[in-house]
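The values are calculated or read from the model by the stated rules, or taken from the named source; none is laboratory data. This is a predicted model, so every value here is computed, not measured. Cβ atoms come from the backbone with ideal geometry, glycine included; neighbour counts cover every protein chain shown. We work out accessible area using only protein heavy atoms, side chains counted, and drop any ligands, DNA or RNA first. Shrake-Rupley method; radii C 1.70, N 1.55, O 1.52, S 1.80 Å.
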Amino acid sequence: MKVLFINVLSLKALFLKVLSLKVLRLLLFVAVVGLLLSDVIEPILIHLSDKNWIALYLQQEGITGYAFLFFATFMFVFIGGPRQINGLLYGYLLGAFNGMLFAVVVSLVAASMNYWLAHYLFSHWLRTHFTHKIYTFQLFCQRKPFYKILLLRLFPVGSNLLTNVFCGGIGIKYFPFISASAVGYIPQTLIFSLIGAGINTLNNQLVYLSLVLFGMSLLITRYLYRDHMKSIRPEI
């Protein structure tokens with residue numbers, strides 16, 4: 001009888017835990033949608049690719065405008081928007097180097113939020129609904145996670161959001177995840193920041209430099225990918 005009572009209590013605790021996670025997910029979804037549709041964030045997201053509108057907005061709003069812009073660009077990357085657009089935008093507004101720094105910070109904050117939410121709220125859900133993909137990703141990252149995540153970040157194609165969520169879902173340690181992300185974000189962000197700065201200052205040399213860096217980035221990524229493919233057989 002005592003064992004049965006303990007089992008009932010365990011089931012009740014499990015049910016409450018599952019219910020609380022579902023409630024948290026629902027509240028998170030409502031909060032994200034509410035922020036995206038708010039009068040403050042929605043206009044910025046709509047005009048995110050309009051650099052002249054953003055520049056005028058910041059001139060009118062000052063520090064408050066920069067804070068809202070930071071939050072809007074964070075939300076943009078958080079929901080899966082291409083981080084390269086932030087590099088282009090911040091490069092246009094702040095110059096190549098400062099623009100790169102701001103865009104990388106925004107991407108890292110969004111990546112961290114994706115990671116921790118997946119780790120604490122969506123881990124079981126991901127493993128249940130994306131079993132094969134999670135298993136494949138786990139096999140890919142189980143050895144040398146820093147190197148593997150860096151390789152994914154350097155790829156010119158791929159989903160930044162899925163990488164963040166899967167890393168959190170399978171429990172990759174946070175430090176190799178965020179450090180590899182920080183290093184891997186820099187090349188592409190710098191390239192697009194240079195393009196943005198070149199457009200703002202009408203400096204073709206910055207645009208040409210960004211193209212050279214893009215070519216170098218592709219060569220480095222190709223080398224790392226070929227090195228990874230060679231290492232697969234020894235790992236197996």
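General remarks:
- Qualifying residue in the stretch 219-226 (condition: more than 22 Å from Tyr90 (Cβ to Cβ), modelled with pLDDT of 75 or more and among the charged types (D, E, K, R)): no
- Checked against the criterion of being surrounded by fewer than 21 Cβ atoms within 10 Å (Cβ to Cβ), part of a helix (DSSP H, G or I) and of a type in the set (Lys, Arg), the candidates Arg143, Arg153, Arg127 yield just one match: Arg127.
- Scoring Gly80 on the criteria (1) at pLDDT 85 or above; (2) out of contact with any Ser or Thr (no Cβ under 6 Å at 6 or more places or on another chain); (3) part of a helix (DSSP H, G or I) leaves a single failure, condition (3).
- Sub-9 Å Cβ pairs linking a first residue in the stretch 119-148 that is more than 14 Å from Ala180 (Cβ to Cβ) to a second residue that is open to solvent by 50 Å² or more (accessible area, probe 1.4 Å) and of a type in the set (Val, Ile, Thr), at least 6 apart or interchain, are His124/Val18, ordered by first then second residue.
- Only residues that are free of Cβ contacts under 8 Å to residues at least 40 places away in the same chain and open to solvent by less than 30 Å² (accessible area, probe 1.4 Å) were counted in the stretch 171-184, giving 5.
- Meets criteria (at pLDDT below 90 and not aromatic (Phe, Trp, Tyr)) for Lys173: no
- Test: residue in the stretch 85-108 that is more than 24 Å from Gly196 (Cβ to Cβ), of a type outside the set (S, T, N, Q) and open to solvent by 50 Å² or more (accessible area, probe 1.4 Å): no
- Ile172 falls short on exactly one of the conditions (1) part of a helix (DSSP H, G or I); (2) in contact with a helix residue (DSSP H, G or I) (Cβ under 7 Å, 6 or more places away or on another chain), and that condition is (1).
- Every pair of residues 6+ apart whose Cβ atoms lie under 6 Å, when the first sits in the stretch 77-100 and is under 19 Å from Ile46 (Cα atoms) while the second is of a type in the set (D, E, K, R): Val77/Arg83; Tyr92/Lys51
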